[in-house]
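Contents: one structure, followed by commentary.
The values are calculated or read from the model by the stated rules, or taken from the named source; none is laboratory data. What you see is a predicted model, and the numbers here were worked out from it, not measured in a lab. We place every Cβ from the backbone using ideal geometry, glycine too, and count neighbours over all the protein chains shown. The protein model used for the area step is the full one, side chains on, heavy atoms only, and it has no ligands, DNA or RNA in it. Shrake-Rupley method; radii C 1.70, N 1.55, O 1.52, S 1.80 Å.
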Amino acid sequence: DGHGGKVKVGMITTLSGGGAGLGIDVRDGFMLATKMAGNDNLEVVIEDDQRKPEIAVQLADKMIQSEKVDVMTGIIWSNLAMAVVPAATAQGKFYLSPNAGPSALAGKGCHPLYFNVAWQNDNLHEAAGAYAREIGYSNSFILAPNYPAGQDALTGYKRTYGGALAGEIYTKLGQTDYAAEIAQIRASGADSVFFFLPGGMGISFLKQYAGSGVDLPVVGPAFSFDQGILQAVGDAALGIKNTSQWNKDIDNAANKAFVEGFQAEYGRLPSLYASQGYDTANLLLSAMAKADVADADAFRAALAEADFESVRGDFKFGPNQHPIQDYYVREVIKDGDVFTNKIIATSLTDHGDAYAGECSY
Amino acid sequence: MSFLSLQGIEASYGPTQALFGVDLSLEEGAVCALMGRNGMGKSSTVKVICRLLKHSVGQVYFKGRDMAMLPPHKAAQAGMGLVPEGRRCFPNLTVYENLIAAARTGHWDFARVTGLFPRLAERRDQSAASLSGGEQQMLAIGRALMTNPRLLLLDEATEGLAPVVRQEIWAALRILKSETGMALLVVDKSLRDLRQVADSAVILERGATVWAGAIGDVTPAVADQYLGV
Amino acid sequence: MGVPEMGRATLINAALFAMLPLTALMALLLDEPFIITLTTKVAILALAGVGLNIALGLGGLVSLGHAAFFGIGGYAMGILAHHAQTYTPLMEAPFLLEGSNSMPLIWLVAVIAGAFAAMAIGALSLRTSGVYFIMITLAFGQMLYYFAISWPAYGGEDGLSIYVRNGFPGLNTLVPIQFFAICFAVLALVLFGVGRLAASPFGLALAGARQNPERVQTVGLSPYRLRLLAFVISGAITALAGALFADLNRFVSPTMLSWHMSGEIMIFVILGGVGRLFGPVAGAALFILLEHVLGGLSDYWHVYLGILLLLVVLFARGGLIGTLAGREVAHD
Amino acid sequence: MSTILLIEQILNGLQFGVMLFLMAAGLTLIFGVMGLINLAHGSLYMVGAFAAAAVAGVTGSFVLALIASLVAAAAAGALVELLVIRRLYARDHLDQVLATFALILIFSEGTRWLFGSFPLFLDIPTAFAGPVMLPGGIQYPAYRLLIIAIGLLIAFGLFQLIARTRIGIQIRAGESDREMIAALGVDISKLYTIVFALGAGLAGLAGALVGAIQSVQVGMGEPVLILAFVVIVIGGIGSIKGALVGALLVGLTDTLGGVLLPELFGTFMEASAATAVGSSLASMSIYILMAGVLLFKPTGLYGRA
Amino acid sequence: MTETLLDIKGLRKSFGALVATDDVSLTLNPGEIHALIGPNGAGKSTLIKQVAGGLAPDAGQVWFAGRDVTGFNTAARARAGLGRTFQISSLAMEYTVLQNAVLGALGARGTVWRFFRPVMQDAELRGVAEAALERVGLMDHRDKRTAELSHGQRRLLEVAVALTLKPRVFLMDEPMAGLGAGGSKRLTGFLDGLRSEAPILLVEHDMDAVFALADRISVLVYGKVIATGTASEIKANRDVREAYLGQEEAS
Ligand SMILES: Nc1ncnc2c1ncn2[C@@H]1O[C@H](COP(=O)(O)OP(=O)(O)OP(=O)(O)O)[C@@H](O)[C@H]1O
Ligand SMILES: Nc1ncnc2c1ncn2[C@@H]1O[C@H](COP(=O)(O)OP(=O)(O)OP(=O)(O)O)[C@@H](O)[C@H]1O
Ligand SMILES: CC(C)C[C@H](N)C(=O)O
Ligand SMILES: [Mg+2]
Ligand SMILES: [Mg+2]
């Protein structure tokens, strides 16, 4: 049946509880793009997954069975994505990931209907590793929580870093006290520290690190230094280098429009997640302009072209429909009263991911 | 108006009504025996007096004050001391702590109470849970005395006590009555003992007052009719 | 317990019970497959609650670790189906063991695994009582939870996705109404069994041990053994529910083992009425309904959920069924 | 591992323990002494941290922030006690579980409503910002020493309050028989409101103190709540001394487990597998500790039967 | 005289410095009521607990029907035939009076491992339970919840449950406590008849009952048996009068 160009999007994201900030930003970025485009053919249904995978699965069932959506998006967390994406694509729905990029879905588990508009999970860590190598760190201490995304993070860093390791630690998921880890860092003789500790874990780590008197340089992925939480970390983050595929000072028209539009609409600075949500919507809109979603092959081809103005500048999809893009090194600075990031270098250019080779449709 | 008076009291536990019209009155410094067979409402009456059970019909006056709206702790502060059925010592507290938990200053203090029950001094720092049944009973009485009440409610206070101790307690209560003018409402199964301390008696049957008068008038016939002795 | 009240409770139970298939059928007619899925979820979570209620309501064993059994059931399904899905054997030595995607077989494995886990956890935990029991069961649950998160073989925190629902002979389980029928039938059977159990000599002795263990001992029975058996039955039923739940989602992950899950199952039981046979059914139905209806209202819908739950505890004593059936609660 | 590092890790363990004690102290008061299972205790911790962050944001004073945390959490506690908790004393533990679970939902999402979805900023005062040098060449953050001091002070104060004062005795009496202590003339309702507010205030203070070196965000209380329950159960419910000992045990086990287990496995396993296995076991270690303690002492280290 | 049914040999138990049971030996023969009296805190309940199984003695043995049961737990002793009542009522408070009695009958039957037969419809168990309630006069209250009974009624139920166990020996800790004067009198009559079914080791402070019932009386003071004898021997014993009976009881 013809949709007459209409597309119904089901967005499942985290809107309540501790991790709500990320989902809210993805949603707001996404909705900003649709509002700016003013396209009446796009209808969005939004549901809160409460960061529980079982709930996400059931909401996906609802989106598919009752709402009869064409495209799904919104999931923040890798474990929720692993629960929802394979089932959704198996039922013939497009899934556009605005944030999570687990390696399983990039490699053997890739699917023609699955597009990742953010990054593969390892990417930002690879960028950090590459930066560390470039700047000449040769003895890093690395740590991450003991769960799959954490294991991916350390793997990603090691992949590009190549130097020796002063220590490698998996911490408990949700841990809030890092005194013991910091003591180990102090005693390890490391020349640098890499960590991936998303959310509150990262805030705790940074504050405690700052008070400890250890003054080794720190690198990490953008997650612990993003707009939403920088204010909460405060001075402890100043000067730290972190890697990202986006920053608000990337100089292009699309980004400018996005940053201004976002501030005007929501009264706060946009975050990494908001930029990803925004790009996801624009990717979708670009495909809608070219094809009818009822014609899956045509629509898929239109998506794969990625013919939209990304706020990151150059953006294209690799063979596994994950981004090929540049990764930047940012530094945390204080701009007036506000903590924010400034790009200081490019770490990886036109970088894809390590799993693309394993993917075949 | 009497020191304590109950008129036409009715009271229920949830859906089960326990009292169906209790009348009772007591003068300052007097001792009244509350009698009746098992399950006739003696304890319920005691609870109504000290406000652990709310009455639905009737009036309770204590020292001229309507008790209807008072919570239990206010009733106690007004001068009631309770030795409840089944002792209800605080098992996790030591003997000493049990005694001083709610003590108020007055005639009765730790020294006087342990003078009455030397055993309690010996067990001063032992937890109440590990006391023998009789020792717990002594503790319950001591605890009530420590609040220095004007009206002492004794619900089966001598249950489980050795005969000698029982005699000592009654003797002490007799002295108490004459020296301090404390009024007593006593529930006890031993008619012989009650005769020695009480002035008046009230007999309950099926939750209602069926007999009231001087203790001396509780003849064997009355006892046989209402108490099954 | 007065006779007319018993009559009313029975009536309410019957109505409650009939409500599930009626809702499902109605949804089928209106072509709202998601409502059927929700109803199925209620049936499965109710089953988990019925399991817990044996320990909690009858035995007075407040377990905050029942997610362990729920999750074990879930992983029994996940692991067997995963191996069937990837055509890899479960183990090769000492003998070959294949995965499976047959529901009855998976249930059997889930029930046995749940029973054994409950036996082990129960045997140790039952040495304690009261709040200590709550916490030691929580401890065992958390151990399993952290183990599952960091154990990479079956997905760690990401969990396991099973792309097709497992099969049941003669039915197409992917059709929502057929899967509902399976779950409802299991619930009905278990409810019947548990009803008999509660009225049996074992039930009388078990509930006696809850009220006064000393008393049960002096009539010559061992509270420990009564409780252990109750705990095992309880764990096995909850594991069965876990297997069904995993099949409903075609997915299993460590969140099924988390203490939040234990708490949620417990809340179904309390909400419906502790110790009431149909309590978990009422509790799960109300909770899912609230979650579903309120979820759409605002980003802050948890506030409303909280307020409603609070009102239920404060004013509907004895849970929903207790309130509807109009009998005052037993403990005061 | 060098001796100095080991000593530092032991210090860290002790300090983590004291931090847990701050939270467990209020919980033991309410849970142990009043016999109430209060799952919402973590919410009061959160309320304290948010109040502190808000006040520090406006005034810039850490001392005012701490006072605000105490006052706000105590007030929230008193309000909750008056409106909800006091109807629950006579009830089953299970009703308390459900009601306080509902309170968590209300507090968490209510806080998010007021303060937004992003973590807030609360930093330690500059006077305590850096490390100090301890004898033996150990660098240790000054602020953590401050937390240790405050924690021990509170432990001492509470112990005196409960064990020695008449109020403490009355509270404990009320735990075993509320009706009876009321019948002896003690206004137990008022007393319990005060105790609840005190416990809440302590949780709030802990939230503010800890929030300064961790993240102030919605849901921050839940992981600590579980740990605090573990602590007071290990120590024996109702015992302040037990809470302190339990907290130190948990702190040491958690810290040293996380450090030593991976090293231990490293002696006979390949490095990265050893870290993985070691840290998995480490994340289970405190629960293993709790189960172990309860198996040998079914009512905790200092609990009564 | 027939052979001794219950033989307590040299039991000893201390709590810290306090010796609560100090080398106590007692016997109970078929058909007799052996009363145990003594001041509060003398160690009577402690002794009963050691015999019934709630408390392990430091030294000494309990022989029952020719077997050493010292190593048995409470449940095993109850199954062997030791029926106990508590000084402070210990019943399943949410159950009806009848359910409490059925629970006793169930215990006496020994096997609870039946999962699908409704227990309250088991005619045999009900029969035993109702007969016991009838004997203590609680039949009218059988459908009341136990929590709704008055204190005295609970004491009677305690006795009824012990009856359902059909024990070979009764251990009764102050069964009269809490009964009114009339109730005590009736229970006294009842116990008098009971002794032919099974002998009774009776702890009691109600001297009217003790003197009316006991074939033998042992007096426990500070954990030691200071005298054993018939009612008149005990009444005449000066030590006992001083330590326990006081003035009038002996007169
Ligand atoms: N908590 C309760 N709930 C319901 N009914 C009760 C409760 N307590 C007592 N009753 C009922 O109230 C009636 C009066 O009981 P109460 O305890 O006042 O009697 P009593 O004269 O003190 O008896 P006893 O001499 O046995 O102590 C009894 O029939 C009893 O069944
Ligand atoms: N667990 C314990 N710890 C310490 N002392 C105890 C313990 N149990 C009992 N006692 C003490 O042992 C003594 C004997 O107690 P027991 O209960 O046997 O006395 P009893 O003869 O039954 O007295 P009563 O006639 O008052 O019931 C008491 O002084 C009591 O305080
Ligand atoms: C926000 C990100 C750190 C989320 C991450 N991809 C995860 O799966 O947990
Ligand atoms: Mg009474
Ligand atoms: Mg005794």
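Among the listed residues B:Val60, B:Val83, identify the single one that is within 16 Å of ligand 2 (Cβ to nearest atom), of a type in the set (A, V, I, L, M) and at pLDDT 90 or above.
Sole residue among the options that is within 16 Å of ligand 2 (Cβ to nearest atom), of a type in the set (A, V, I, L, M) and at pLDDT 90 or above: B:Val83.
Find the residue count for region C:305-332, including only residues that are more than 9 Å from chain D (Cβ to nearest Cβ) and at pLDDT 85 or above.
1
Of B:Ala144, B:Ala121, B:Ala140, which residue is in contact (Cβ under 8 Å) with a residue 12 or more places away in the chain and away from ligand 4 (no atom under 16 Å from the Cβ)?
Just a single option satisfies the conditions, and that option is B:Ala144.
What residue, of A:Ala236, A:Ala289, is part of a helix (DSSP H, G or I), within 24 Å of A:Thr73 (Cβ to Cβ) and of a type in the set (Gly, Ala, Ser)?
Unique residue meeting the criteria: A:Ala289.
Quick one: which strands (runs of 3 or more DSSP E) sit completely within region A:124-222 and have at least 3 residues that are hydrophobic (A, V, I, L, M, F, W, C) and within 26 Å of A:Gly352 (Cα to Cα)?
The qualifying strands (runs of 3 or more DSSP E) are A:139-145, A:192-195.
Does region A:66-80 contain any residue that is over 18 Å from the mean Cα position of the chain (by Cα), away from ligand 3 (no atom under 15 Å from the Cβ), among the polar types (S, T, N, Q) and more than 9 Å from chain C (Cβ to nearest Cβ)?
Checking region A:66-80: not a single residue is over 18 Å from the mean Cα position of the chain (by Cα), away from ligand 3 (no atom under 15 Å from the Cβ), among the polar types (S, T, N, Q) and more than 9 Å from chain C (Cβ to nearest Cβ).
Mind counting the residues in region A:61-85 that are under 23 Å from A:Met288 (Cα atoms) and either touching a residue at least 12 places away in the same chain (Cβ under 8 Å) or buried (at least 24 other Cβ atoms within 10 Å of the Cβ) (or both)?
Looking only at that region, the number is 12.
Quick check, is B:Tyr96 part of a helix (DSSP H, G or I), hydroxyl-bearing (Ser, Thr, Tyr) and away from ligand 1 (no atom under 16 Å from the Cβ)?
Yes; evaluated as a whole, the condition is true for this residue.
Give me a count of the residues in region D:266-294 that are within 13 Å of chain C (Cβ to nearest Cβ), open to solvent by 20 Å² or more (accessible area, probe 1.4 Å) and more than 30 Å from D:Leu161 (Cβ to Cβ).
Matching residues across region D:266-294 total 8.
Going through region A:191-210 one residue at a time, which ones are open to solvent by less than 10 Å² (accessible area, probe 1.4 Å) and touching a strand residue (DSSP E or B) at 6+ places or on another chain (Cβ under 7 Å)?
A:Ser192, A:Val193, A:Phe194, A:Phe195, A:Leu197, A:Phe205
Please count how many residues of region D:231-264 are more than 17 Å from D:Met19 (Cα to Cα), away from chain C (no Cβ under 14 Å), hydrophobic (A, V, I, L, M, F, W, C) and open to solvent by 10 Å² or more (accessible area, probe 1.4 Å).
2
Restricting to region A:6-60, name every residue that is surrounded by fewer than 24 Cβ atoms within 10 Å (Cβ to Cβ) and in contact with an Asp or Glu (Cβ under 6 Å, 6 or more places away or on another chain).
A:Val7, A:Lys8, A:Leu32, A:Val45, A:Ile55
Using the structure shown, decide if E:Ala147 is open to solvent by 10 Å² or more (accessible area, probe 1.4 Å), in a helix (DSSP H, G or I) and more than 12 Å from every other protein chain (Cβ to nearest Cβ).
no
Would you mention how many residues in region B:193-227 are assigned to a helix (DSSP H, G or I) and within 16 Å of ligand 4 (Cβ to nearest atom)?
Residues in region B:193-227 being assigned to a helix (DSSP H, G or I) and within 16 Å of ligand 4 (Cβ to nearest atom): 3 in total.
Taking the conditions exactly as written (more than 8 Å from every other protein chain (Cβ to nearest Cβ) and surrounded by 22 or more Cβ atoms within 10 Å (Cβ to Cβ)), does E:Leu133 satisfy them or not?
yes
What are the residues in region B:103-162 that are part of a helix (DSSP H, G or I), surrounded by fewer than 18 Cβ atoms within 10 Å (Cβ to Cβ) and away from ligand 2 (no atom under 11 Å from the Cβ), if any?
Within region B:103-162, B:Phe110, B:Ala111, B:Arg112, B:Gly115, B:Pro118, B:Ala121 qualify.
Could you say which residue among E:Lys166, E:Lys185 is open to solvent by 20 Å² or more (accessible area, probe 1.4 Å), more than 16 Å from ligand 2 (Cβ to nearest atom) and within 15 Å of the chain's Cα centre (by Cα)?
E:Lys166
Just to be sure I understand, how many residues within region D:83-102 are assigned to a helix (DSSP H, G or I) and either open to solvent by 40 Å² or more (accessible area, probe 1.4 Å) or at the interface with chain C (Cβ under 7 Å from one of its Cβ atoms) (or both)?
Adding up the residues that qualify gives 11.
Looking at region A:247-258, which of its residues are touching a residue at least 40 places away in the same chain (Cβ under 8 Å) and open to solvent by 10 Å² or more (accessible area, probe 1.4 Å)?
Scanning region A:247-258 gives A:Lys248, A:Asp249, A:Ile250, A:Asn252, A:Ala253, A:Ala254, A:Ala257.
Given the conditions (1) touching a strand residue (DSSP E or B) at 6+ places or on another chain (Cβ under 9 Å); (2) away from chain B (no Cβ under 14 Å), report the number of the one that D:Ala228 does not fulfil.
Condition (1) is where D:Ala228 drops out.
Given the condition open to solvent by less than 10 Å² (accessible area, probe 1.4 Å) and under 22 Å from C:Ala110 (Cβ atoms), answer yes or no: does some residue in region C:219-232 qualify?
Yes: region C:219-232 contains one or more residues that are open to solvent by less than 10 Å² (accessible area, probe 1.4 Å) and under 22 Å from C:Ala110 (Cβ atoms).
Kindly check whether there is at least one residue in region E:160-176 that is within 9 Å of chain B (Cβ to nearest Cβ), without any contact (Cβ under 8 Å) to a residue 40 or more places away in the chain and within 16 Å of ligand 5 (Cβ to nearest atom).
Yes, region E:160-176 has at least one match.
Of the residues E:Ala92, E:Ala101, E:Ala56, which is under 19 Å from the mean Cα position of the chain (by Cα), more than 12 Å from every other protein chain (Cβ to nearest Cβ) and of a type in the set (Gly, Ala, Ser)?
Just one listed residue meets the conditions, E:Ala56.
With the condition kept exactly as written, say whether any residue in region E:61-78 is under 17 Å from the mean Cα position of the chain (by Cα), at negative phi and within 14 Å of chain B (Cβ to nearest Cβ).
No: region E:61-78 contains no residue that is under 17 Å from the mean Cα position of the chain (by Cα), at negative phi and within 14 Å of chain B (Cβ to nearest Cβ).
What residue, of E:Thr85, E:Thr46, E:Thr27, is within 14 Å of chain B (Cβ to nearest Cβ), away from ligand 4 (no atom under 16 Å from the Cβ) and at pLDDT 90 or above?
Testing whether each residue is within 14 Å of chain B (Cβ to nearest Cβ), away from ligand 4 (no atom under 16 Å from the Cβ) and at pLDDT 90 or above leaves just E:Thr46.
Would you mind stating whether A:Glu134 is without any contact (Cβ under 8 Å) to a residue 60 or more places away in the chain and open to solvent by 10 Å² or more (accessible area, probe 1.4 Å)?
no
Report, by residue number, each residue of region B:44-57 that is open to solvent by 20 Å² or more (accessible area, probe 1.4 Å) and either in contact with a helix residue (DSSP H, G or I) (Cβ under 6 Å, 6 or more places away or on another chain) or within 13 Å of chain D (Cβ to nearest Cβ) (or both).
Passing the criteria: B:Lys47, B:Leu52, B:Lys54, B:His55.
Restricting to region D:139-176, and then to whatever is surrounded by fewer than 17 Cβ atoms within 10 Å (Cβ to Cβ) and closer than 30 Å to B:Arg150 by Cα, can you tell me which residue is nearest to the other protein chains (Cβ to nearest Cβ)?
This residue is D:Arg166.
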